[in-house]
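What follows is one structure encoded as structure tokens, with my remarks underneath.
The values are calculated or read from the model by the stated rules, or taken from the named source; none is laboratory data. Quantities reported herein were computed from a predicted structural model and do not represent experimental measurements. Don't worry about glycine lacking a Cβ; one is built from the backbone with ideal geometry, like all the others, and counts go over all protein chains shown. Side chains are part of the model used for accessible areas, which takes the heavy atoms of the whole protein and leaves out ligands, DNA and RNA. Shrake-Rupley method; radii C 1.70, N 1.55, O 1.52, S 1.80 Å.
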Amino acid sequence: MEISPEYAVQMHEITKTFGSFCALDQVKLEVKKGSIHAILGENGAGKSTLMNVLYGLYQADSGEIYLNGEKCAIKTPNDAIAHGIGMVHQHFMLVDNFTVTQNIILGKEVTGKFGVLDMKKAREDVVKIVKEYGLEVDPDAKIEDISVGMQQRVEILKALYRGADILILDEPTAVLTPQEITELIEIMRGLAASGKTIIIITHKLKEIKSSSDVCTIIRRGQYIDTFPVSDVSEEELATKMVGHKVKLVVDKNLAQPGEVVFEIENLTVKDDRGLEAVKNLSLCVRKGEIVGIAGVDGNGQKELVEAITCLTRVESGTIKINGIEIQNTTPRNVIEHKISTIHEDRQRRGLVLPFTVAENSILVKHRSSEFSRRGMLDLDKMKSFAKKLVEDYDIRPAGCETQAARGLSGGNQQKVIIAREISHDPDLLIAVQPTRGLDVGAIEYVHKMLVQERDKNKAILLISLELDEIMNVADTINVIYDGAISGTFTQDEADENQIGLLMAGGKRNENAG
């Protein structure tokens, strides 16, 4: 590796181990100034670990870091910030009841005489960088009142406020709507054009193709290749990432739906503010069928799932599983009626992060005779069960069943949840954003699992913000807008433009297609 000031970042032979597990094995990275550089790899490949070394959250066991051609020692995030590096994490680090301005200046407050906080000057500084970079956001809005996309802008502004010339974005589109993804790509391009260097960690091939100049592949902790993104197709990116060909389209036979298993009639649910979020909604799911719900985030999906799982009350209407009403009962009652749920928020709803993978794998089942004897857990059975899930679902690192769930990458945390919920042998599986944060190999696997469950005569309700996922996997597609179903399509009549129009609040053109 030739050290040169034309590169904003050069990382040379970076090695990092955690106990006996080698997360990074002599990995290299070269990022040119003013470029958008993607780091692509499977879950657990070492992408985030490499960037955490660059940002000072981890210390490499060996290797060197050069910034703008000069060797640097980065031992803490403060060192990284002092060298002009900013990082926007996958899970935002914002104070919900603080304003945008308060969050941006937190830790670098503007003070006047006698050390008194000067909020007027702070606000002026924030408005200045908002205008400079075109990142429109209300400086006086509270974080809890703005969209996820706007919260991400605040995180980017925080880094820019601290003088970042190198921005690391960890899975930046994982929680964004399609419209927000488009806006983020434009923001990244604008920042690169102004001289900033952007490094993005992502699994999404389409977004790498539309946003990045160069891509580096890391596989199982080792450097594989670096190349211009324009030289490869999405299929070639997928192959390079996982080391073998990946099918980006699900192989499945036509559905053979049976009797109705799950039915919602005239459902109305209010949100936290007391406003109707689900409005007189009706749908059904039959055995051997995947019913998809497509929609832009914030159109009642969250409240619908919470109503089905009895995490919130229903104002009116019914929810039936196998003909039995379950609305306004308890989450345990829902589970006992053989409904399993892959929740969207894996860290708040899906896992107990301090618990081990083994403990998380038997949540809900821990009272059953399979794992409990006279109120005491059978630890051997629990670990054996978890070990099989880890092997069957390729949860990494191998042998992680005794590791705390918080120590896994986001994608592997998601795999733990999916493995657990499918293992419950449900009559209805509700999958909410089931592939969020997963790489293409894992996405292919999850989609196969959903189709396999369908082919075992299970009923599946798939709720996703990824229109490609809905169109690829669902047999019947319902579009949700403003809390109501605005259109229904069979897979063979599904049209991306028509569905997109309904998602945006338009009307279906019956003469289209």
| request: Which order do the peptides 415-423, 65-73 take when ranked by the mean count of other beta-carbon atoms within 10 Å per residue, highest first? | output: 415-423, 65-73
| field | Cα centroid of the stretch 187-226 to Cα centroid of the stretch 157-174, whole Å | value | 13 Å
| Residue by residue, what Karplus-based ³J(HN,Hα) values in Hz, rounded to whole numbers, does the stretch 248-256 have, using 6.51, -1.76 and 1.60 with θ = phi - 60° and x for Gly and Pro? | 8, 10, 6, 7, 7, 7, 4, 5, 10
| remark: Per the helix-only model, the chain has a calculated mean residue ellipticity at 222 nm (DSSP H runs of ≥4, -39500 (n - 2.57) each, divided over all residues, rounded to the nearest 500) of -9000 deg cm²/dmol
| query | Around Ile166, what is the net charge, scoring Lys/Arg as +1 and Asp/Glu as -1 over all other residues with Cβ under 11 Å from its Cβ? | reply | +1
| request: With a Förster radius of 45 Å, plug the Cβ-Cβ distance of Asp394 and Val116 into 1/(1 + (r/R0)^6) and report the FRET value to the nearest 0.05. | output: 0.20
| query | When only C-alpha pairs under 8 Å and at least 6 residues apart count, what is the relative contact order of the chain, in percent? | reply | 15 percent
| query | Which residues' amide hydrogens lie under 5 Å from the amide hydrogen of Lys32, considering only partners 5 or more residues apart or on another chain, with H built in the peptide plane? | reply | Ala8
| Which entry in [x] 21, 44, 25, 10, 0; [y] 21, 53, 25, 1; [z] 20, 45, 22, 7, 4, 1, 0 is this structure's computed P(r) over Cα pairs in 20 Å bins from 0, in percent? | [y]
| Can you give the accessible area per residue of the chain, in Å², using a 1.4 Å probe? | 45 Å²
| request: Taking amide H positions as placed in the peptide plane 1.01 Å from N, state which residues far from Thr341 in sequence (5 or more) or on other chains have amide H under 5 Å from it. | output: Ile430
| Which peptide among 102-112, 85-95 comes first, and what is the full order, when sorted by highest mean count of other Cβ atoms within 10 Å? | 85-95, 102-112
| request: Pop out the ³J(HN,Hα) list for the stretch 393-408 in order, Karplus 6.51 cos²θ - 1.76 cosθ + 1.60 with θ = phi - 60°, rounded to Hz; leave Gly and Pro as x. | output: 9, 6, 7, 10, x, 4, x, 8, 4, 9, 8, 5, 4, 5, x, 8
| query | Rounded, prolate or oblate: which fits the stretch 232-368, taking a ≥ b ≥ c as square roots of the Cα gyration tensor eigenvalues, rounded meaning a/c under 1.5, else prolate when a/b beats b/c? | reply | prolate
| message | Please give me the summed charge of the neighbours of Ile290: other residues whose Cβ is under 13 Å from its Cβ, Lys and Arg +1, Asp and Glu -1. | response | +2
| message | Order Asp213, Asp251 by their accessible area, 1.4 angstrom probe, all chains in place, largest first. | response | Asp251, Asp213
| Distance from the stretch 27-91 to the stretch 365-433 (C-alpha centre basis), Å | 32 Å
| query | What residues qualify as long-range amide H neighbours of Phe18, i.e. H under 5 Å apart, gap of 5 or more or another chain, H built at 1.01 Å from N? | reply | Ala23
| What per residue convex hull volume, in Å³, comes out for the stretch 301-361 when only alpha-carbon positions are used? | 92 Å³
| note | Expected sort for 180-190, 341-351 on mean C-beta neighbours within 10 Å, highest first, is 341-351, 180-190
| task | Compute the Cα gyration tensor for the stretch 1-92, then decide on rounded, prolate or oblate, letting a ≥ b ≥ c be the square roots of its eigenvalues: rounded whenever a/c is under 1.5, prolate when a/b is larger than b/c in the other cases, and oblate in all that remain. | result | rounded
| said: Tell me the carbon and sulfur percent of the accessible area for the chain, rounded to whole percent, probe radius 1.4 Å. | reply: 47 percent
| said: What does the net charge come to around Lys338 if you take all other residues with beta carbon closer than 9 Å to its beta carbon, with K and R at +1 and D and E at -1? | reply: -3
| note | TM-like helix rule applied to the chain (DSSP H, alpha carbon span at least 18 Å on the long axis, mean Kyte-Doolittle at least -0.5) gives 148-161, 178-193, 410-423, 440-455
| Using the Cα gyration tensor of the stretch 312-457, with a ≥ b ≥ c the square roots of its eigenvalues, what is the shape: rounded (a/c below 1.5), prolate (a/b larger than b/c) or oblate (neither)? | oblate
| task | Please quote Rg/Rh for the stretch 193-302 to two decimal places, taking the Kirkwood radius as Rh and restricting both calculations to Cα atoms. | result | 1.15
